[in-house]
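Report on the following structure.
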């Protein structure tokens, strides 16, 4: 079997490191990469992938018939247009989250997917690149905690101000904290509860610690529910300097017969390493180290590209997560030091169904 031929367009977010590493681990060959200018991620990209040639023009990638899949981690507000161009050139795409920043862009993407039959996949890294989540899915699917009735997801992040580009402080360019960060927890809510849709009951965004940056939303929360379950999401940019990594991300899954807690990246003042899972039910009260559990998304996506299947993630799921995150952003009460609400394309509420 010939190796998958891939390329990269846009390296503006550090998530491109995991995206490309994940695909290379499947045996894929990266033929070229392209990005505008010199983003802060450039040095890290060159250090990690020194042998991949840089294309001088985006068309050199788009017009190469041998390239099967393009990875996109450009500035969030630019991702929709780039993905559409790639799909119109016969390429499948894998994007960093958020896959887009407005409902209007999501409608354009939906139309393009239908017209081209291309794959539009979003690497929700807090699920696809976290072995503990893979194990939790296995346990939930096996009925270890009964029927899931609630999830609580928290996603604290370190600001790392000196490493951030200008777009990071402009919510019209990154889409807002709920569109961006909360997409991870919405994705996991749907996966663990088995829901295909949900309602945004309430949401809010705020700037409480960075008054000099009124375009930075440093706090956000969502209350959502499906027909069978409830969910709460909290994300922020408040990780303290003393924490040994970028954030104490946790996820709690409550079932009718037990619960699971994931401490994804650190067990504060506890066990070393990452991917800690705690399971409590009628017969088990145990800790499971999940660090060695293999990831599945990248291999599955490579197979989907070859076989024209949807085993890694369906388009309907990726689109629904994106729709719910943007809707939560559009509905959010604004608090603290945020600047005036700036007009954004697609700010009016709607759904993918109504905009088709």
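No value in this document is a laboratory result; all are computed from the given coordinates. What you see is a predicted model, and the numbers here were worked out from it, not measured in a lab. Reconstructed Cβ throughout: ideal geometry from the backbone, glycine too, with neighbour counts over all protein chains shown.
Descriptive notes on the structure:
- Neighbour-count order for 94, 87, 23, fewest beta carbons within 10 angstrom listed first: 87, 23, 94
- Across the chain, the mean sequence separation of Cα contacts (distance under 8 Å, 6 or more residues apart), normalised by length, yields a relative contact order of 19 percent.
- Two-site FRET efficiency, residue 271 against residue 29, from Cβ-Cβ distance with R₀ of 41 Å, rounded to 0.05: 0.60
- When you restrict to C-alpha pairs under 8 Å that are six or more residues apart and normalise by the size of the range 127-289, the relative contact order lands at 28 percent.
- Difference of contour (0.36 nm per residue) and Cα-Cα distance, residue 160 to residue 111: 13.9 nm
- Prolate/oblate/rounded call for the range 227-284, Cα gyration tensor, a/c under 1.5 rounded: oblate
- Of the peptides 262-273, 311-322, the ranking by mean beta-carbon count within 10 Å, highest at the top, reads 311-322, 262-273.
- Per-residue ellipticity at 222 nm from helix content only, as computed over the chain with -39500 (n - 2.57) for each DSSP H run of at least four residues, stands at -8500 deg cm²/dmol.
- Counted over the range 127-289, the DSSP beta bridges are approximately 85% antiparallel.
- Exposure proxy for 170, 236, 187, 51: other Cβ atoms within 10 Å of each Cβ, ordered fewest to most, give 51, 170, 236, 187.
- Coordinate range along principal axes, alpha carbons of the chain, Å, largest first: 57, 52, 45
- Of all DSSP beta bridges in the chain, antiparallel share, percent nearest 5: 55
- Sorted by Cβ density within 10 Å, fewest first, the residues 100, 77, 86: 77, 86, 100
- FRET efficiency, residue 51 to residue 2 (Cβ-Cβ, R0 25 Å, nearest 0.05): 0.85
- In terms of packing, defined here as the mean over residues of other Cβ atoms within 10 angstrom, the peptides 3-11, 198-206 line up highest first as 3-11, 198-206.
- The separation of the range 135-206 from the range 273-290, counted between C-alpha centres, amounts to 22 Å.
- Averaged over residues, the count of other Cβ atoms within 10 Å places the peptides 326-333, 178-185, 106-113, 33-40 in the sequence 178-185, 326-333, 106-113, 33-40, highest first.
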